[in-house]
Amino acid sequence: MKTAAERYGITEDDWEALINAATEFLASEAGEGSLTSYSELNKTIAEQTGLDPLDFSHPEGRNAVAWILGEVVNRTVDDVGAMLSAVVTYIERNDAGPGFYHLAVDLTEQGRLRGDGLAKDATKEQKTAFWTRQVSAVHSAYKTRRVARRRRR
C-alpha cells in the first residue's frame, strides 16, 4: 500500500515538511483567534517549505490537502482535545470541508474526541454546532499556549 506522500508524488521528507508547516501555521492562526482558508493554507505551506503549492484545480491537489489536515489533526488532537483543522474554511462559506466531519466521526468512534463527538447521522445544524465548538476549543487551547510562551520569555 502506498503512503500518502507516494500517492501524491511527494517525497516522504517533503510530505513531512508540509505537515509540519501546516501544523505551525494553523497553531499560529488558532492562537490569534483567527480562521483561515484552504487557499491561504496552501499558499503559506508552499512559502514555508519552498515547495510548489498543491493544485486545487485537480482532485489530487484537494485530496492531498485533506490528507495533510487529517495528519495534523491526528498528531495534535490527543494533546489539544479538539481538531486543529477546524480553523480552515472554504472562502465562499464559513464552514469546514466534508473531510473535517468525516474525520470527526472517526475520532469520536475511536474515543479520541470525548463529549463533543459527532454522530454519522448528524444533521447540518448539528455539524455546524460541532464545528463551532471545535473552533472555540482550538482557539482557547492555542491562545493559552501563546500566552504561556510569552510569559516564559
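A few points about this structure:
- Any hit, the range 99-109, residues being under 25 Å from R7 (Cβ atoms) and touching a residue at least 40 places away in the same chain (Cβ under 8 Å): no
- Meets criteria (in a helix (DSSP H, G or I) and under 19 Å from G33 (Cβ atoms)) for T76: yes
- Within the range 121-147, residues that are under 24 Å from D79 (Cβ atoms) and polar (S, T, N, Q) have Cβ atoms under 8 Å from residues that are at pLDDT below 95 and in a loop (DSSP other than H, G, I, E, B) in these pairs: Q134/D116, counting only partners at least 6 apart in sequence or on another chain.
- For the range 89-130, the set of residues classified as assigned to a helix (DSSP H, G or I), among the acidic types (D, E) and under 23 Å from P59 (Cβ atoms) consists of D106 only.
- When the criteria are applied in full, A96 meets the requirement of being crowded, with 18+ Cβ neighbours inside 10 Å and in contact with a strand residue (DSSP E or B) (Cβ under 8 Å, 6 or more places away or on another chain).
A quick yes/no check of all residues on (1) free of Cβ contacts under 8 Å to residues at least 24 places away in the same chain; (2) out of contact with any Leu (no Cβ under 8 Å at 6 or more places or on another chain); (3) among the hydrophobic types (A, V, I, L, M, F, W, C); (4) closer than 24 Å to L113 by Cβ:
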| residue | (1), (2), (3), (4) |
| --- | --- |
| I19 | no, yes, yes, yes |
| A30 | no, no, yes, yes |
| T44 | yes, yes, no, no |
| D55 | yes, yes, no, no |
| P59 | yes, yes, no, no |
| V65 | no, no, yes, yes |
| G70 | no, no, no, yes |
| V73 | no, no, yes, yes |
| D78 | no, yes, no, yes |
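- Among the residues examined, A66 qualifies as under 27 Å from R145 (Cβ atoms), in a helix (DSSP H, G or I) and of a type in the set (G, A, S).
- Subset tally (residues that are in a loop (DSSP other than H, G, I, E, B), acidic (D, E) and either surrounded by 14 or more Cβ atoms within 10 Å (Cβ to Cβ) or within 16 Å of the chain's Cα centre (by Cα) (or both)) for the range 1-58: 1
- Residue among A104, A96 that is at pLDDT 95 or above, closer than 29 Å to R133 by Cα and in contact with a helix residue (DSSP H, G or I) (Cβ under 8 Å, 6 or more places away or on another chain): A104
The values are calculated or read from the model by the stated rules, or taken from the named source; none is laboratory data. Because the structure is predicted, anything quoted here is derived from the model rather than measured. Because the Cβ atoms are built from the backbone with ideal geometry, glycine has one as well, and the counts that use them run over all protein chains shown.
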